[in-house]
Amino acid sequence: MLCNLKNRHFYFMFAAEALCFAAALAISYLLRFDFRLPEAYARQLCALLVIALPLKLGVFLALGLYRGMWRYT
């Protein structure tokens, strides 16, 4: 895992994955509500992103799932 932190490509891939995850979650909410997201669900989406995004990225990083991912990116 530490060798990934020294690789500058790792940070690009990490940021791209975070952006893709956040976009997928937001688009799924928008599709569910026909692109008219009610206020309550917009707040829920923001809260979910604050919790789920660091949790997902942290778990992937801890389990070493980013180790060989650059080759496929």
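The values are calculated or read from the model by the stated rules, or taken from the named source; none is laboratory data. All of these numbers come straight from a predicted model, not from anything done at the bench. In this analysis, Cβ positions are derived from the backbone assuming ideal geometry, glycine residues included, and neighbour counts consider all displayed protein chains. Only protein heavy atoms, including side chains, enter the accessible area calculation; ligands, DNA and RNA are left aside. Shrake-Rupley method; radii C 1.70, N 1.55, O 1.52, S 1.80 Å.
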Search result, residues across the stretch 37-46 that are surrounded by 10 or more Cβ atoms within 10 Å (Cβ to Cβ) and in a helix (DSSP H, G or I): Tyr41, Ala42, Arg43, Gln44, Leu45, Cys46
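Tell me, which residue of the stretch 1-36 that is in a loop (DSSP other than H, G, I, E, B) and at pLDDT 90 or above is surrounded by the most Cβ atoms within 10 Å (Cβ to Cβ)? Outline the logic, then answer.
Looking only at the stretch 1-36, we keep the residues that are in a loop (DSSP other than H, G, I, E, B), and these are 1, 7, 33-36.
From what is left, the residues that are at pLDDT 90 or above are 33-36.
On the way: Phe33: 11, Asp34: 7, Phe35: 9, Arg36: 7.
So the residue we want is Phe33.
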When the residues of the stretch 47-69 are filtered to those that are farther than 17 Å from Ala22 by Cβ and assigned to a helix (DSSP H, G or I), which remaining residue is most open to solvent (accessible area, probe 1.4 Å)? Ala62
Does any residue in the stretch 48-63 that is within 14 Å of Ala15 (Cβ to Cβ) come within less than 8 Å, Cβ to Cβ, of a residue that is surrounded by 13 or more Cβ atoms within 10 Å (Cβ to Cβ) and hydroxyl-bearing (Ser, Thr, Tyr) six or more places away or on a different chain, and which pairs are these? Phe60/Tyr66
